[in-house]
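Below is one structure, written out as structure tokens; the observations come after it.
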Amino acid sequence: RTIEDTAIGVPTDLPKAVKAELRASVGGVVTNSWDFWLFPKRAPRAADDVACAERFRSRLAGRYPGLRPMADAAKAKVLIAPTGAREAAAALDRGQNVVLIDNEDTPVNVTLGWWWLGSQMGSVVRDHMVLKHLPHDGILSQLFFRISKEGTPLPVADVAEKDLVVFGEGGEKCFLYLSARQLGNGAKEVRVSGLDVVSDTPEGTAILDGILDWLSAD
């Protein structure tokens with residue numbers, strides 16, 4: 001028996017991102033469902049107050065026009081830099097806000113099936129303002145798989161348990177994927193490790209948008 005193609009309408013005027021479920025049934029006997037994140041159309045976000053390391057700047061410039069080069073770090077409100085960059089440490093000392101990114105280009109670290117378990121075996125995704133544009137379920141669900149790489153083994157210096165936003169267990173180790181903390185001098189620091197917020201995906205962009213919203217807020 002041939003199953004005819006069926007057109008599925010997707011809303012294009014969403015006010016915010018939502019989680020949607022597609023359900024299909026064949027003759028009321030065979031059923032299945034799939035989860036999706038649906039995102040509203042996004043306009044480029046001006047980033048004149050953000051300085052960025054060249055490693056990321058060339059890939060983010062189309063989404064964040066006006067990104068400053070690393071040489072302008074002292075003039076920016078927010079700095080995006082690789083983890084461990086000396087410019088990031090100097091910016092935090094000055095009271096500026098910083099996004100630290102690493103492991104964004106490592107291989108995808110999740111697969112379906114218990115017989116293919118890698119170092120990612122279960123995660124917690126806490127509610128936090130940096131994830132306000134992402135309708136997550138509180139876990140690292142399949143909708144994260146495209147941007148999920150390997151995080152940084154915990155513990156991480158200067159990152160307390162209360163600072164962890166996305167973190168997970170990997171058998172013998174636990175990993176940091178995203179943390180957010182405020183320093184005593186008022187500076188804010190977000191670490192992103194093993195979540196690819198640099199590539200041009202709607203879910204990665206939603207996370208980075210939320211991070212910049214939180215860091216740019218007074």
Qualifying residue in the stretch 98-106 (condition: at positive phi, at pLDDT 90 or above and open to solvent by 40 Å² or more (accessible area, probe 1.4 Å)): yes
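This table checks each residue for (1) surrounded by 10 or more Cβ atoms within 10 Å (Cβ to Cβ); (2) within 30 Å of Leu215 (Cβ to Cβ); (3) of a type outside the set (D, E, K, R).
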position	(1), (2), (3)
Gly9	no, no, yes
Pro15	no, yes, yes
Val18	yes, yes, yes
Ser33	no, no, yes
Ala51	yes, yes, yes
Ser58	yes, yes, yes
Where a residue in the stretch 78-93 is within 16 Å of Asp158 (Cβ to Cβ) and its partner, wherever it lies, is among the hydroxyl-bearing types (Ser, Thr, Tyr), with Cβ under 9 Å and at least six apart: Thr83/Thr152; Thr83/Ser193
Strands (runs of 3 or more DSSP E) enclosed by the stretch 112-218 - at least 3 residues per element that are open to solvent by less than 20 Å² (accessible area, probe 1.4 Å) and either within 17 Å of Asn97 (Cα to Cα) or in contact (Cβ under 8 Å) with a residue 60 or more places away in the chain (or both): 174-182, 188-193
Strands (runs of 3 or more DSSP E) completely within the stretch 1-78 that count 2 or more residues being more than 18 Å from the chain's Cα centre (by Cα): 18-26, 30-38
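The values are calculated or read from the model by the stated rules, or taken from the named source; none is laboratory data. Please read these numbers as outputs of a predicted model, since none were measured by experiment. Methodologically, a virtual Cβ is constructed for each residue, glycine included, from the backbone with ideal geometry; neighbour enumeration extends over all protein chains shown. What goes into the accessible areas is simple: the full protein's heavy atoms, side chains included, and nothing from ligands, DNA or RNA. Shrake-Rupley method; radii C 1.70, N 1.55, O 1.52, S 1.80 Å.
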